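What follows is one structure encoded as structure tokens, with my remarks underneath.
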Amino acid sequence: RRRQDEGASGTTAAKEVAALLFALRLAQEHDLYRGNVRALKPAGVSSASTPRKAWRTLDEVRALRDAFTSPTRGAVVVFAVATGAEASAIRRAERADVVLYPRPRHGVFGHVRVQGSKNARRARTVPVVLPWAREFLRFVLKHADGADGRLFRRWRSINRDFDAASKRAKVPRTTPHDLRRTYAHLHYQAGVTLDVLAPAMGHKDTKMLSRIYADPSADELAAKMARQVTGRRRSV
């Protein structure tokens, strides 16, 4: 209970309890503890996790980008939102991975090679299909300052710096992974379907997208319903 009062999530508390109970079982096997291990498990502690559902609007993304003390850090923000790249892929990103066309080709402004490594699907090529994504990637190419072909330098204090920039930008506390969710949410709201988003993000199927990324806000749900009703009226 004290750990939860300190801010630990239910998942974290459950893992800590499991580690403690495991240690006590080992102690029992060596005759170092004779109590009832099962009776020690606190009530109400569950390992079931609730996925974090957080994304930012385009205005919030721009505010966060501009709140960093250096545009090179802001470039990381908009790269993540433009590509859906995870943290490991951002660290591996190279300048040559970003290809922007002088003019759109069949509605596509370019593509980005995302060097994900979690599984075979995470190494992927992401098309650039929305104008704001092209805008963000131009910002990246202008301000990224990585060495030896890399887009970005190593960022050791990223979580602390994100917290500080979120406060300066006056946006809800934002984590780097929230930006990946933002990529999915903004593309979904623009009309990209989940079955197309899944490979673009390196997912095997749409299960995770349905649970986390594509959950509309109340305003967005209302707008969707209104559009459908309006379209139906016109067809009558």
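Bear in mind that the values in this text are calculations on the coordinates, not laboratory data. Computed from a predicted model, the values in this text were never measured in an experiment. Note that each Cβ is placed from the backbone with ideal geometry, even for glycine, and that neighbours are counted across all protein chains shown.
Put one equal scatterer on each alpha carbon of the range 93-155, apply the Debye formula with no solvent term, and list log10 I(q)/I(0) at q = 0.15, 0.17, 0.20 1/Å to two decimals. With no solvent term, the Cα-only Debye profile gives -0.50, -0.63, -0.83. Pairs of Lys residues in the chain, spaced 8 or more positions apart or belonging to different chains, with C-alpha separations under 18 angstrom: 4 in total. Under a 5 Å amide H cut-off, with hydrogens placed 1.01 Å from N, Gly146 pairs with Phe152, Arg153 among residues at least 5 apart or on other chains. Only helices enter the 222 nm calculation for the chain: every DSSP H run of n ≥ 4 contributes -39,500 (n - 2.57), and dividing by all residues gives -15500 deg cm²/dmol, rounded to 500.
In this Cβ point-charge picture (+1 for Lys and Arg, -1 for Asp and Glu), the chain has a dipole of about 280 debye about its Cα centre.
With r defined as the distance between the Cβ atoms of Arg105 and Lys167 and R0 fixed at 35 Å, what FRET efficiency is calculated, to the nearest 0.05? So the FRET efficiency works out to roughly 0.30. Label sites at Ser157 and Leu24, each approximated as a point 7 angstrom past Cα along Cα to Cβ, lie 4.1 nm apart.
Model label sites at Lys41 and Asp219, defined 7 Å from Cα along the beta-carbon direction, differ in position by 4.4 nm. Among Arg138, Arg91, Arg34, the largest mean-square fluctuation in a Gaussian network model of the chain, built with springs joining Cα atoms closer than 10 Å, belongs to Arg34.
Extension gain, Asp31 to Arg95: 0.36 nm times the residue separation minus the Cα-Cα distance gives 17.0 nm.
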